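J.: I am attaching a structure below and will ask some questions about it afterwards.
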Amino acid sequence: MKKIAVILLCICCLVVFAVVKTTSTAATITLDTSQKKFTAGTTILLQFSSLKAVKIADLFLIHSYGKTIVKGKVDKNKLRFSIPELYAKKTGTVSWYLIQDRKNIAAGQFEIIPNDATPTLIENYLGPTTILTGQEHYTMMVAIPTDSYDNPKTDNTTVFIKDQFLDAITVTTKKTDDFIAWKNIYSRTISGKMLISTQCNTALSKEFETEITPSIATNFTIDYARNHQFADGNQITKLKTSVIKDQFGNLVGDGTLVTFQVTTKNNNFLKTFAATINGVAIAQLLHPDHKEIYTVKAYVTGMAESRPIQIAYQPLIKDFPYQFLEKNRKIVVGPLTSFMNQIVPDGIKVELKIFHKNKLIETKIVESAKGLATFILLPPFYKQSAYQFEITTLGVTKKTESIPYENYQ
């Protein structure tokens with residue numbers, strides 16, 4: 001039992017001695033540098049001292065810019081660490097750990113603050129750079145003032161945000177919060193260009209621009225103009241909008257697409273398009289080649305529309321001549337004459353339907369030239385003894401009786 005007691009007593013003494021030794025080593029090294037805040041860009045030196053000669057040690061730094069290990073310099077019982085310039089220029093909280101013999105024997109932290117003695121710089125962000133007219137639309141200016149080392153200034157730094165539109169200049173004082181100063185700059189009811197700038201101390205920003213464009217179009221009217229009212233399939237009817245504006249009276253932007261939808265009396269649909277210039281869109285519509293009534297309505301898709309209008313076209317002709325030649329193998333339609341008894345323009349469509357025993361066997365279409373349209377029925381392809389025909393042009397249709405043909409063997 002005595003031996004066991006002696007052994008336990010020795011173990012306890014060793015443990016106590018080890019604890020005292022470690023604690024004593026840590027306690028012998030103290031931080032002499034009392035400063036807790038340093039200015040960015042200045043020399044940052046941490047000095048430690050000991051009651052006895054100091055062994056070499058390392059300083060482990062944790063910085064917002066990164067982590068690094070700094071080698072110390074020993075001078076008798078002094079241990080000095082110089083913070084690298086790269087880290088000393090950047091603001092933030094720096095945590096340090098003194099490492100000796102792979103053991104952390106001391107720890108602490110200090111703060112690097114912006115250097116207000118250096119010239120102020122200012123970064124700016126503006127967006128969007130295009131907004132619509134109206135009080136509910138706005139662009140945002142964000143300003144970030146910094147020192148010469150690109151460190152954001154401390155909160156509550158004064159920034160002036162200026163905006164100019166027409167004859168009005170507005171200057172707003174803002175304080176930085178979380179490093180930034182910002183302002184929502186609202187649109188006006190008049191379209192145009194708005195200029196924006198910022199200032200912090202002596203730092204001036206460049207000139208920024210925001211374009212205030214017209215808001216969405218409002219309803220409008222349409223009208224038409226033409227040389228004559230006849231359905232000649234040749235002339236052009238011009239469709240024109242009134243001046244299209246937004247709700248504040250601003251002309252819609254050039255290039256706004258207007259769709260003109262045309263409905264025929266048979267409920268067929270046609271479309272033509274035009275882009276606005278100075279608020280007006282002008283489209284072109286080809287005359288039909290037969291009597292017709294067009295119902296026209298215009299749209300700015302998803303925004304505005306017009307009331308429908310009707311455009312009536314009168315038939316160009318009431319009748320036309322035709323004749324059979326060369327043993328009825330050649331059919332000549334025309335001459336086709338217009339409302340002043342003039343020859344119709346070239347390109348008028350003439351349609352010929354060929355029937356045998358009242359059954360349609362073929363449809364031929366040719367375009368007129370000098371008022372005439374010619375059809376040729378070659379014997380190898382038309383072998384029957386008789387055919388009936390239906391001729392249609394410019395909305396007029398004429399039917400023939402049964403026309404005899406020589407049998408082709």
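The values are calculated or read from the model by the stated rules, or taken from the named source; none is laboratory data. If you're wondering where the values come from, they're calculated on a predicted model, not measured in any experiment. Every residue, glycine among them, receives a Cβ derived from its backbone with ideal geometry; neighbour counts consider all protein chains shown.
Residues checked against (1) surrounded by 21 or more Cβ atoms within 10 Å (Cβ to Cβ); (2) within 30 Å of S338 (Cα to Cα); (3) touching a residue at least 60 places away in the same chain (Cβ under 8 Å):
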| residue | (1), (2), (3) |
| --- | --- |
| I216 | no, no, yes |
| H228 | no, yes, yes |
| K238 | no, yes, no |
| T241 | yes, no, yes |
| K245 | no, no, no |
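J.: Please note which strands (runs of 3 or more DSSP E) are completely contained in the stretch 205-324 and include at least 3 residues that are under 30 Å from G134 (Cα atoms).
T.: 208-213, 257-263, 269-275, 292-300
J.: Okay, next question. Just the residues that are surrounded by fewer than 21 Cβ atoms within 10 Å (Cβ to Cβ), in a strand (DSSP E or B) and without any contact (Cβ under 8 Å) to a residue 40 or more places away in the chain, please, taken from the stretch 85-98.
T.: Those that are surrounded by fewer than 21 Cβ atoms within 10 Å (Cβ to Cβ), in a strand (DSSP E or B) and without any contact (Cβ under 8 Å) to a residue 40 or more places away in the chain: G92, T93, S95, Y97.
J.: If you don't mind, there's one more thing I want to ask. Kindly list, by first and then second residue, each pair from a residue in the stretch 66-84 that is in a loop (DSSP other than H, G, I, E, B) to a residue that is of a type in the set (G, A, S), limited to pairs with Cβ atoms under 9 Å and residues at least 6 apart or on different chains.
T.: Every condition considered, the pairs that remain are G72/A57; K76/A53; N77/S49; N77/S50; N77/A53.
J.: Strands (runs of 3 or more DSSP E) wholly in the stretch 330-409 with at least 3 residues that are under 60 Å from the mean Cα position of the chain (by Cα), surrounded by 13 or more Cβ atoms within 10 Å (Cβ to Cβ) and at pLDDT 85 or above - which ones?
T.: 349-356, 359-367, 373-376, 386-393
J.: So, one more: Select, from A117, A88, the only residue that is of a type in the set (A, V, I, L, M, F, W, C), more than 30 Å from Q164 (Cβ to Cβ) and touching a Gly at 6+ places or on another chain (Cβ under 8 Å).
T.: A88
J.: Here is a follow-up. Please determine, by comparing only the residues of the stretch 29-67 that are aliphatic (A, V, I, L, M) and surrounded by fewer than 17 Cβ atoms within 10 Å (Cβ to Cβ), which one is nearest to A107 (Cα to Cα).
T.: This residue is L31.
J.: Further question on the same structure: Given (1) out of contact with any His (no Cβ under 8 Å at 6 or more places or on another chain); (2) assigned by TED's automatic domain parsing to the domain that holds Q199; (3) surrounded by 12 or more Cβ atoms within 10 Å (Cβ to Cβ), identify the lone condition not met by Q135.
T.: (3)
J.: If you don't mind, another one. How many residues are in a strand (DSSP E or B) and either closer than 25 Å to N151 by Cβ or of a type in the set (K, R) (or both) if we restrict to the stretch 56-65?
T.: 5
J.: Quick one: which strands (runs of 3 or more DSSP E) lie wholly within the stretch 116-163 and hold at least 2 residues that are over 30 Å from F248 (Cα atoms)?
T.: By residue number, 121-127, 138-146.
J.: Does the stretch 277-291 include one or more residues that are acidic (D, E) and surrounded by 11 or more Cβ atoms within 10 Å (Cβ to Cβ)?
T.: Scanning the stretch 277-291 turns up at least one residue that is acidic (D, E) and surrounded by 11 or more Cβ atoms within 10 Å (Cβ to Cβ).
J.: Here's a follow-up. Residue under question is K318, and the condition is that it be of a type in the set (K, R) and modelled with pLDDT under 90; does it hold?
T.: Against the criterion (of a type in the set (K, R) and modelled with pLDDT under 90), K318 qualifies.
J.: Quick one: P128 ticks every box in (1) over 14 Å from A40 (Cβ atoms); (2) loosely packed, with under 15 Cβ neighbours inside 10 Å; (3) of a type outside the set (F, W, Y); (4) not assigned by TED's automatic domain parsing to the domain that holds C200 bar one, so which box is it?
T.: Of everything listed in (1) over 14 Å from A40 (Cβ atoms); (2) loosely packed, with under 15 Cβ neighbours inside 10 Å; (3) of a type outside the set (F, W, Y); (4) not assigned by TED's automatic domain parsing to the domain that holds C200, P128 misses just condition (4).
J.: In addition: List every residue pair whose Cβ atoms sit under 9 Å apart, with the two residues 6 or more apart in sequence or on different chains, where the first one lies in the stretch 127-153 and is more than 19 Å from K183 (Cβ to Cβ) and the second, anywhere, is of a type in the set (F, W, Y) and surrounded by 14 or more Cβ atoms within 10 Å (Cβ to Cβ).
T.: Once the first residue is more than 19 Å from K183 (Cβ to Cβ) and sits in the stretch 127-153, its partners that are of a type in the set (F, W, Y) and surrounded by 14 or more Cβ atoms within 10 Å (Cβ to Cβ) give T133/F248.
J.: Go over the candidates D116, D150 one by one and state the one that is over 30 Å from the mean Cα position of the chain (by Cα), on the phi > 0 side of the Ramachandran plot and either surrounded by 12 or more Cβ atoms within 10 Å (Cβ to Cβ) or among the aliphatic types (A, V, I, L, M) (or both).
T.: Selected residue: D150, the only one of D116, D150 that is over 30 Å from the mean Cα position of the chain (by Cα), on the phi > 0 side of the Ramachandran plot and either surrounded by 12 or more Cβ atoms within 10 Å (Cβ to Cβ) or among the aliphatic types (A, V, I, L, M) (or both).
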